[in-house]
Amino acid sequence: MSLHEEILEQPKRLGELLEAQKGTALKIAEAVKARDIKYVFLAARGTSDNAGRYANYLWGANNHLPLALATPSLFTYYEHPPRLEGALVVGVSQSGKSPDIVSVLDEGRKQGCLTLTVTNVPDSPLGKAADLVLDIQAGPEKAVAATKTYTSELMALAMISAALSGEESAWQELHKVPGWIEELLKQDTEIERMAQRYRYMNQCVVLGRGFNYATAFEWALKMKELSYVVAEPYSSADFQHGPIAMVEGGFPVLTVTPQGKVFDTMLEMLTRLRQKHDAELVVISNDERALALAQSPIRLPTGIPE
């Protein structure tokens, strides 16, 4: 199976995940609410770490749960783990085999914490190390770069958020996601044509902010591992304090700029990059003002919550 085929699988996989695992998400929420959880301590690597960045914003904003991203080396090489009293200890991993992530959950259990695994392999070592397991059921991932497993992790984390909130509207929004992805994938041929413009690119920056800070990191990772491009991710807030100085005429800047709370600041950055720095912009957005600034616009469906 090719990477392209796995990308096209995403609407089906996410729809099936929603139908099959809603009950599990609700049980996880019940277990969390039954404990005096003060914060979330989340361990992951690579793509799954980027899913954790998304949870950092989502669970913080929607569920009032502070989230700390773990430093697994403290649990392995340094053997000096922090105190985890009051934490929900979460491990996110596609394979569930990463020993350093397992070590974080093992320590969480030793310290009496509630532990949760989000994985594509529930009977993996990480799955066995947790009190609670949410199977993202993305199916076998044969391509080198994670695609359907990444978006399934995002969906799983969003399902837990919806379950914790108790708001039916959150579930209604999630059920629209497979359809939105199907609509976006209709641009497949156009995006393939657009990509030819950048086939000789050897460096770029990727910008996102808020809920899409994670997207910037994952997009940059994909550029590195699939195209061997030196791609650096930034929050647009950080980028303007120094790194923007590297942008000169034709420098590629890739941005994800959907409508939402941080849109105005992102639009201001895009305008500055295009008008003052003559940057080469790839913009993913559902706002015409942002798309109009791009040499390569990719249109999101309208009505998607940030």
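The values are calculated or read from the model by the stated rules, or taken from the named source; none is laboratory data. Note that the structure is a prediction, hence the values are computed from the model and not measured. Note: ideal-geometry Cβ built from the backbone for every residue, glycine included; neighbour counts use all protein chains shown. All accessible areas refer to the heavy atoms of the entire protein, side chains included, with ligands and DNA or RNA removed. Shrake-Rupley method; radii C 1.70, N 1.55, O 1.52, S 1.80 Å.
Okay, here's what the table says:
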| item | result |
| --- | --- |
| Exceeding the 23 Å Cα-Cα cut-off - candidates LYS222/LYS261; LYS97/LYS142; LYS142/LYS224; LYS148/LYS222; LYS38/LYS222; LYS148/LYS261 | LYS222/LYS261; LYS38/LYS222; LYS148/LYS261 |
| Karplus-derived 3J(HN,Hα), 6.51/-1.76/1.60, for each residue of region 242-249, Hz, glycine and proline x | x, x, 4, 4, 6, 7, 10, x |
| Normalised convex hull volume, region 1-68, alpha-carbon set, Å³ per residue | 118 Å³ |
| Solvent-accessible area per residue for region 122-177 (1.4 angstrom probe, square angstrom) | 38 Å² |
| Region 223-306: trypsin sites (Lys or Arg not before Pro) in DSSP coil with no more than 10 other Cβ atoms inside 10 Å | LYS276 |
| The chain, helix-only ellipticity at 222 nm - DSSP H runs n ≥ 4, -39,500 (n - 2.57), divided by all residues, nearest 500 | -14500 deg cm²/dmol |
| Inverse of mean 1/r across different Cα pairs in the chain, Kirkwood, Å | 20.1 Å |
| Chain lengthening between LEU226 and THR302 when straightened (0.36 nm per residue, less Cα-Cα) | 24.4 nm |
| Region 221-249 versus region 75-113: alpha-carbon centroid distance in Å | 31 Å |
| Peptides 95-108, 243-256 ordered by average Cβ neighbours within 10 Å, highest first | 95-108, 243-256 |
| Cα-projected label distance for LEU8 with GLU167, points at 7 Å along beta-carbon direction, nm | 3.6 nm |
| Within the chain: Cβ-based charge dipole about Cα centre, in debye rounded to nearest 20 (Lys, Arg +1; Asp, Glu -1) | 240 debye |
| Dipole of the chain, positive end: most advanced residue of LEU26, VAL133, LEU207 [Cβ charges, Cα centre] | LEU207 |
| Segment GLU85-HIS64, length gained on full extension (0.36 nm per residue, minus Cα span) | 5.8 nm |
| All-pairs Cα distance distribution in region 52-149, expressed in whole percent, bin size 5 Å | 3, 14, 21, 23, 21, 12, 5, 1 |
| For the chain: relative contact order, % (alpha-carbon pairs under 8 angstrom, 6 or more apart) | 16 percent |
| Exposed chymotrypsin sites (Phe, Trp or Tyr not before Pro) absent: longest stretch of the chain, with sites in DSSP loops and at most 16 other Cβ within 10 Å deemed exposed | 79-199 |
